[in-house]
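Visitor: Dropping a structure here in structure tokens format, bear with me for questions.
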Amino acid sequence: MHRFLVLNGPNLNLLGVRQPEVYGHTTLSDVEAMCLAHAEKIGVSVRFEQSNHEGVLIDAIHAARGTLHGLILNAGAYTHTSVALMDAISSAEIPTIELHLSNTHAREEFRHKSYISRVAVGIICGFGARGYTLAMDAMKGHLDDLGAA
């Protein structure tokens, strides 16, 4: 059975209340429940973590090395600033999907650059909370194609 980590970065603990016109009304707890139900449906296991601290996110990525099969990462604003997260993903050697609730390419210019995409197998953005289950399906398909256990 494939094992995934869904890792959420800064300010995502405020989903549902922070800028709902951009990020929607779904809370992070709602997203987690949706992902757990979807994991059962597609036959994978999923673990959820969130932190507003870059080092905690890096530690979670390092801990996934050799123990989990895929990482789904919504790094929030760290996407556009963190070489350290990019290096952690590269070092962990775990397939990673970059995820954003909003379409970052339709927003401010600074959001168009991603350090994470340089080391990700793909990017899902602009589909709101549904992006999480899309990412789970994409990761499962990617791992199945690789023949990963």
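Visitor: Would you confirm whether any residue within the stretch 25-32 is assigned to a helix (DSSP H, G or I), closer than 25 Å to residue 146 by Cα and modelled with pLDDT of 95 or more? If you could, list the steps in order and put the result at the bottom.
Guide: Taking the stretch 25-32 first, the residues assigned to a helix (DSSP H, G or I) are 28-32.
Still in the running and closer than 25 Å to residue 146 by Cα: none.
Looking for residues that are assigned to a helix (DSSP H, G or I), closer than 25 Å to residue 146 by Cα and modelled with pLDDT of 95 or more, one finds none in the stretch 25-32, hence no.
Visitor: Please work out which one of (1) under 21 Å from residue 127 (Cα atoms); (2) aliphatic (A, V, I, L, M); (3) touching a Leu at 6+ places or on another chain (Cβ under 7 Å) is the condition residue 85 fails and give its number.
Guide: All conditions are met except number (1).
Visitor: When you look at residue 45, is it without any contact (Cβ under 8 Å) to a residue 12 or more places away in the chain and either over 25 Å from residue 113 (Cβ atoms) or touching a helix residue (DSSP H, G or I) at 6+ places or on another chain (Cβ under 9 Å) (or both), yes or no?
Guide: Details: without any contact (Cβ under 8 Å) to a residue 12 or more places away in the chain: no; either over 25 Å from residue 113 (Cβ atoms) or touching a helix residue (DSSP H, G or I) at 6+ places or on another chain (Cβ under 9 Å) (or both): yes.
Answer is no for this residue.
Visitor: Go through the stretch 21-33 and count every residue that is without any contact (Cβ under 8 Å) to a residue 12 or more places away in the chain and either within 18 Å of the chain's Cα centre (by Cα) or exposed (fewer than 12 other Cβ atoms within 10 Å of the Cβ) (or both).
Guide: From the stretch 21-33, those without any contact (Cβ under 8 Å) to a residue 12 or more places away in the chain are 21, 25, 29, 33; that's our starting set.
Next cut, either within 18 Å of the chain's Cα centre (by Cα) or exposed (fewer than 12 other Cβ atoms within 10 Å of the Cβ) (or both) only: 21, 29, 33.
Within the stretch 21-33, residues that are without any contact (Cβ under 8 Å) to a residue 12 or more places away in the chain and either within 18 Å of the chain's Cα centre (by Cα) or exposed (fewer than 12 other Cβ atoms within 10 Å of the Cβ) (or both) number 3.
Visitor: On to the next question. Being in a loop (DSSP other than H, G, I, E, B), modelled with pLDDT of 95 or more, in contact with a helix residue (DSSP H, G or I) (Cβ under 6 Å, 6 or more places away or on another chain) and not acidic (Asp, Glu) is true for just one of 94, 72, 58, 124. Which residue is that? Talk me through it step by step, then tell me what you get.
Guide: Details: 72 fails: in a loop (DSSP other than H, G, I, E, B); 58 fails: in a loop (DSSP other than H, G, I, E, B); 124 fails: in a loop (DSSP other than H, G, I, E, B).
Among 94, 72, 58, 124, only 94 is in a loop (DSSP other than H, G, I, E, B), modelled with pLDDT of 95 or more, in contact with a helix residue (DSSP H, G or I) (Cβ under 6 Å, 6 or more places away or on another chain) and not acidic (Asp, Glu).
Visitor: Do we have any residue at all in the stretch 72-79 that's buried (at least 21 other Cβ atoms within 10 Å of the Cβ), in contact with a Ser or Thr (Cβ under 6 Å, 6 or more places away or on another chain) and polar (S, T, N, Q)?
Guide: So far as the stretch 72-79 goes, yes, one or more of its residues are buried (at least 21 other Cβ atoms within 10 Å of the Cβ), in contact with a Ser or Thr (Cβ under 6 Å, 6 or more places away or on another chain) and polar (S, T, N, Q).
Visitor: If residue 135 satisfies all but one of (1) in contact (Cβ under 8 Å) with a residue 40 or more places away in the chain; (2) in contact with a helix residue (DSSP H, G or I) (Cβ under 8 Å, 6 or more places away or on another chain), what's the number of the condition it fails?
Guide: Here residue 135 meets the rest and fails (2).
The values are calculated or read from the model by the stated rules, or taken from the named source; none is laboratory data. Source: prediction; values computed, not measured. Cβ: placed from backbone, ideal geometry, glycine included. Neighbour counts: every protein chain shown.
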